[in-house]
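> The structure under discussion is supplied below as structure tokens; questions concerning it will follow.
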Amino acid sequence: MGSRRKARECALQMLFAADVAGTLVDELVRSYWAELGEQDLEEPAREFATRLVTGTLAHLQELDERIRSRAEHWRISRMAVVDRNILRLAVYEFTYETTPRTVSINEALEIARRFSTYEATQFINGILDAIKRDLDKEQPQETVGTEDADELPPDNNERTASTA
């Protein structure tokens, strides 16, 4: 498994903890890396995971609104905790990171396959694909991203997502 995928999984675990326990972000990140985090994860991957978590939590209302707009007949609070945090993480990455959106979808689906159900994978794919289309109209990928480029090279397994 590539270091970026592992970083995303760590970010998901922290988002899950924040969602369930309501822990403040600084305490959450500190305690995660001190007690639960992958000890052998390289520093750039840790920084990527931390950036994903802090960014997602900082933009939570905006991300949830985007998800809500495409999750017909589903309230965010009724979604499984894992599924809603996979969605939040991917939509944050779509909006604020330089990762190609199709790669973010693929990564979200791979993580969902590991931590959720087959049905959830289809649900997540449908919502993310719709949000990607919306964002592609609003902000073509070339103009999206932060000033800092990702420090980590892309994983060998990062490829375009398939639609289900």
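Every read-out reported here was derived from the displayed coordinates using simple, explicitly stated rules and does not represent laboratory data. What you see is a predicted model; the values in this text were computed from it and never measured. Neighbour counts run over all protein chains shown; Cβ positions are idealised from the backbone, glycine included.
> Which order results if M79, M14 are arranged by neighbouring Cβ count within 10 Å, fewest first? Please list the in-between numbers first.
On the way: M79 19, M14 28.
Sorted ascending by nearby Cβ count, the order is M79, M14.
> Then there is this: Find how much the distance from L36 to V81 grows on full extension, using 0.36 nm per residue of separation minus their present alpha carbon separation; answer in nm with one decimal.
Working: separation 45, 0.36 × 45 = 16.20 nm, distance 1.89 nm.
The span from L36 to V81 would gain 14.3 nm if fully extended.
> In Å³ and rounded to a whole number, note down the convex hull volume per residue for the Cα atoms of the chain. It would help to have the intermediate numbers written out before the result.
Working: hull volume 18.4 nm³, N = 164.
Value for the chain: 112 Å³ per residue.
> Rank V20, V29, V91 by mean-square fluctuation in a GNM of the chain with C-alpha springs under 10 angstrom and give only the top-ranked residue.
V20
> Only counting other Cβ atoms within 10 Å, I'd like Y32, Y96 sorted with the fewest neighbours first.
Numbers: Y32 21, Y96 18.
Ascending number of Cβ neighbours within 10 Å: Y96, Y32.
> Identify, among I111, V25, A11, the residue whose Cα sits farthest towards the positive end of the charge dipole of the chain, taking +1 on the Cβ of Lys and Arg and -1 on the Cβ of Asp and Glu, with the dipole about the Cα centre.
The listed residue farthest towards the positive side: I111.
> Counting pairs of alpha carbon atoms under 8 Å apart in space and at least six apart in sequence, what relative contact order in percent does the chain give?
Values: 171 pairs, mean separation 45.5, N = 164.
Result for the chain is 28 percent.
> List S69, S116, S77 from most exposed to least, where exposure is judged by having the fewest other Cβ atoms within 10 Å. Don't skip to the answer; put the middle values down first.
Details: S69 12, S116 18, S77 8.
Going from least to most buried by this count: S77, S69, S116.
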